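Visitor: Sharing a structure with you now.
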Amino acid sequence: MSIASQELEQTVAELTASGRGILAADESTGTIEKRFKQINVASTEESRRDYREILFSTPGLGECISGVILFEETLKQNNAAGVPLLQLLTAQGIVPGIKVDGGLVPLAGFSGEKITQGLDGLPQRLAEYRRMGARFAKWRAVIAIDAGIPTPQAISANAHLLARYAAICQELGLVPIVEPEVLMDGDHTLATCARVTENVLHAVFHALHQQRVRLECLLLKPNMVVPGSACPEQATPQQIAQATLNCLRRTVPAAVPGINFLSGGQSDTAATANLNAINLAAQPWSLSFSYGRALQAPVLQAWRGESANKVSAQQALYRRARLNSLACRGRYTADMEIESTPA
Ligand code: 13P
């Protein structure tokens, strides 16, 4: 086996360690600005660094978090004492990863649909990220549901790019996280989300096969199958778990070692309850989380840009990570949300 293969397998083993999940802290500069605005904090290089330092130095984080996805700026940042932020993660046994896509642009010819850019120059960028210590990568494709969309063309164009990205990552020794996100925006039903997600995952795994990507050395980051956020008929965690598992069983080969869901706009508590329901039945894959908003929303509320709030912000992150870790084992219950209950 080549050195690159051994490294990929080692990284997968660490990322899928039982009861741990991934923290997505890879908000682009535009997205973190939006999140900071909600708590009246100006987004500057320094405020972003301070916030992420709080996240990564949370005591005990490595018990529940196996990997953190970083934005390029963070990978290159040191804290005020000159310690690389990446070292705060490795010191806790957490694997650093990096968002490598270049964001979304309109898909020419297809009104309302998007394509992800960033394949040009990707091998060179990946080689540099790897030198700096990143061991896995993330590429997000987005599929919207609306009248007449998604089109098969948008699905296949996005699937093809995800597969090309994954092949390049594996060649350069980084584990690809393949993220085809079917958005929650809209009033579509659970059944519509199920149908679209099944089509998307089917196309993605077909493309991965065609591009000779090793399924054993990647992680899938899908949406859960949920009704649109404006759908009048919402669903229980049991219904969401059933629909999500049906969809995954039909489309995701058992060779894939891990599936780490995105939260996609679910509340922090809903994302945990749904993950727990999904983990109540035995499955061929490790089923965990790779949450951004559902882990960080309570942290931002506790922090509010004040260094004096560091400890409570870290407690909020540890608590959410711990509850999701329990949900990975099907051991979470809603009464754990009561603040006085130790997570
Ligand atoms: P959310 O969990 O906030 O959807 O973010 C996950 C992510 O990494 C999106 O690319």
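Visitor: What number of residues within segment 177-232 satisfy the criterion of being in a helix (DSSP H, G or I), touching a residue at least 60 places away in the same chain (Cβ under 8 Å) and not hydrophobic (A, V, I, L, M, F, W, C)?
Guide: The number of residues fulfilling the criteria is 1.
Visitor: Which residue out of V142, V83, V95 is within 16 Å of the ligand (Cβ to nearest atom) and farther than 24 Å from G186 by Cβ?
Guide: Numbers: V142 fails: farther than 24 Å from G186 by Cβ; V83 fails: within 16 Å of the ligand (Cβ to nearest atom).
The unique qualifying residue is V95.
Visitor: Six or more apart or on different chains, Cβ atoms under 7 Å: show the pairs whose first residue is in segment 3-15 and of a type in the set (G, A, S) and whose second is buried (at least 16 other Cβ atoms within 10 Å of the Cβ).
Guide: Going by the 7 Å Cβ cut-off, the qualifying pairs are A4/G173.
Visitor: I need every pair where a residue in segment 82-102 that is within 16 Å of L174 (Cβ to Cβ) has its Cβ under 7 Å from the Cβ of a residue that is within 16 Å of the ligand (Cβ to nearest atom) and of a type in the set (K, R), sequence separation at least 6 or different chains.
Guide: Taking only residues 6 or more apart or on different chains, the pairs are G97/K138; K99/K138; V100/K138; D101/R140.
Visitor: Only residues that are outside any loop (DSSP other than H, G, I, E, B), away from the ligand (no atom under 16 Å from the Cβ) and either at positive phi or touching a residue at least 24 places away in the same chain (Cβ under 8 Å) (or both): list them for segment 18-47, please.
Guide: E45, S47, listed by residue number.
Visitor: Give A321, A313, A277 a once-over and let me know the one that is surrounded by 17 or more Cβ atoms within 10 Å (Cβ to Cβ), within 16 Å of the ligand (Cβ to nearest atom) and touching a residue at least 40 places away in the same chain (Cβ under 8 Å).
Guide: Working: A313 fails: within 16 Å of the ligand (Cβ to nearest atom); A277 fails: within 16 Å of the ligand (Cβ to nearest atom).
Only one candidate qualifies: A321.
Visitor: Let me ask something additional. Would you tally the residues in segment 59-85 being touching a strand residue (DSSP E or B) at 6+ places or on another chain (Cβ under 9 Å) and over 23 Å from G118 (Cα atoms)? Please lay out each step first, then the result.
Guide: As a first pass, look at segment 59-85 and keep what is touching a strand residue (DSSP E or B) at 6+ places or on another chain (Cβ under 9 Å): 61, 64-72, 74-78, 84-85.
Among the residues that remain, those that are also over 23 Å from G118 (Cα atoms) are: 61, 64-66, 78, 84-85.
Total meeting the criteria: 7.
Visitor: Within segment 115-145, take every residue that is touching a residue at least 40 places away in the same chain (Cβ under 8 Å) and of a type in the set (K, R) and give me the one that is surrounded by the most Cβ atoms within 10 Å (Cβ to Cβ).
Guide: K138
Visitor: Another one. Restrict the check to segment 48-64 and report whether at least one residue is β-branched (V, I, T) and farther than 20 Å from W303 by Cα.
Guide: To start, the set of residues in segment 48-64 that are β-branched (V, I, T) comprises 54, 58.
This time we only want the ones that are farther than 20 Å from W303 by Cα, so: none.
Within segment 48-64, not a single residue is β-branched (V, I, T) and farther than 20 Å from W303 by Cα.
Visitor: All but one of (1) touching a helix residue (DSSP H, G or I) at 6+ places or on another chain (Cβ under 7 Å); (2) surrounded by fewer than 22 Cβ atoms within 10 Å (Cβ to Cβ) hold for L174; state the number of the condition that does not hold.
Guide: Looking at each condition in turn, L174 falls short on (2).
Visitor: Just checking, which of L208, L190 is touching a helix residue (DSSP H, G or I) at 6+ places or on another chain (Cβ under 9 Å) and closer than 19 Å to I240 by Cα?
Guide: Working: L208 fails: closer than 19 Å to I240 by Cα.
Going through L208, L190 in turn, just one is touching a helix residue (DSSP H, G or I) at 6+ places or on another chain (Cβ under 9 Å) and closer than 19 Å to I240 by Cα: L190.
Residue-wise test of (1) of a type in the set (A, V, I, L, M); (2) without any contact (Cβ under 8 Å) to a residue 60 or more places away in the chain.
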residue: T244; (1), (2): no, yes
residue: L248; (1), (2): yes, yes
residue: I259; (1), (2): yes, yes
residue: D268; (1), (2): no, yes
residue: A271; (1), (2): yes, yes
residue: R304; (1), (2): no, no
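Visitor: Consider Q238 against the criteria (1) touching a residue at least 40 places away in the same chain (Cβ under 8 Å); (2) under 23 Å from A281 (Cβ atoms): it satisfies all of them except one. Which criterion is unmet?
Guide: The single condition Q238 does not satisfy is (1).
Visitor: Going by the structure shown, is Y165 in contact with a strand residue (DSSP E or B) (Cβ under 7 Å, 6 or more places away or on another chain), under 21 Å from T11 (Cα atoms) and away from the ligand (no atom under 15 Å from the Cβ)? Let's see the steps before the verdict.
Guide: Values: in contact with a strand residue (DSSP E or B) (Cβ under 7 Å, 6 or more places away or on another chain): yes; under 21 Å from T11 (Cα atoms): yes; away from the ligand (no atom under 15 Å from the Cβ): no.
In short, no.
Since every read-out is calculated from the coordinates, none of them should be taken as a lab result. Here the structure is a predicted model, which means the values were calculated and not measured. Quick reminder, even Gly has a Cβ in these numbers, built from the backbone with ideal geometry, and neighbours come from all protein chains shown.
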